[in-house]
Amino acid sequence: PFQAINAADIFPFTEAISFAVDCGDQDEVDYYWNALLEGGSAMACGWLKDKYGVSWQIVPRRLNELLRADDRVRAGQVMRKMLAQQKIDIDELEAAWAE
């Protein structure tokens, strides 16, 4: 459970409070991205702010697997691709890995 209390202008939301959503596949990424983005704004690297100003990062598990792989050159290629994305696209990450 997580509780947030409306403290008016005394304690506004900042990126210091954020949530990460661990997604098993692209369908999950798309679902959470689209639902949370409604009324909000997209940012880089899978980050978005919802309509309340809360920051979320929608992260496919596959991203972490590729970034933690022993092949540091390919992991770097994946990182560069992810840095250029807003919503993370697993197929594009896989293509970067294969380059």
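The values are calculated or read from the model by the stated rules, or taken from the named source; none is laboratory data. Computed from a predicted structure; not experimentally measured. No Cβ is skipped: glycine too gets one built from the backbone with ideal geometry, and neighbour counts run over all protein chains shown. We work out accessible area using only protein heavy atoms, side chains counted, and drop any ligands, DNA or RNA first. Shrake-Rupley method; radii C 1.70, N 1.55, O 1.52, S 1.80 Å.
With a 1.4 Å probe and all protein chains in place, put Val21, Val73 in order of accessible area, largest first. Each step should come with its number before you reach the end.
On the way: Val21 25, Val73 100 Å².
Order by accessible area, largest first: Val73, Val21.
Out of the DSSP beta bridges found with both residues in the chain, what percent are antiparallel (nearest 5)? Display every interim value, and only then the final one.
Details: 5 of 11 bridges.
So the antiparallel bridges amount to about 45 percent of the total.
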Report summary line: Taking placed amide H atoms and a strict 5 Å upper bound, the residues 5 or more places from Ile88 or on another chain that come that close are Gly46
Query raised in the report: Using a 1.4 angstrom probe with every protein chain in place, what is the largest-first accessible-area order of Trp33, Trp56?
Result: Trp56, Trp33
Report task. Among Gly46, Gln77, Asn34, flag the residue with its Cα farthest along the positive direction of the charge dipole of segment 19-82, charges on Cβ as +1 for Lys/Arg and -1 for Asp/Glu. Result -> Gln77
Report task. Give me the angle, in degrees from 0 to 90, between the Cα long axis of helix 72-83 and the longest principal axis of the Cα atoms of the chain, rounded to the nearest 10. Result -> 40
Report summary line: Rounded to the nearest 10, the angle in degrees between the Cα long axis of helix 26-37 and the longest principal axis of the Cα atoms of the chain comes to 30
Query raised in the report: Hey, how many Å between the Cα centroid of segment 8-25 and the Cα centroid of segment 41-99?
Result: 18
**Report entry** Electrostatic dipole magnitude of segment 41-99 [Cβ: Lys, Arg +1; Asp, Glu -1; Cα centre; debye, to 20]
**Finding:** 260
Query - Charge tally in the Cβ shell below 10 Å around Asp22, where Lys, Arg are +1 and Asp, Glu are -1, Asp22 excluded - result: 0
Requested in this report: Would you calculate a helix-derived [θ] at 222 nm for the chain, using -39,500 (n - 2.57) for each DSSP H run of n ≥ 4 and dividing by the full residue count, to the nearest 500?
Outcome: -12000 deg cm²/dmol
Report task. On the full set of protein chains, 1.4 Å probe, figure out the accessible area of Cys45 and give it in Å² to the nearest 10. Result -> 20
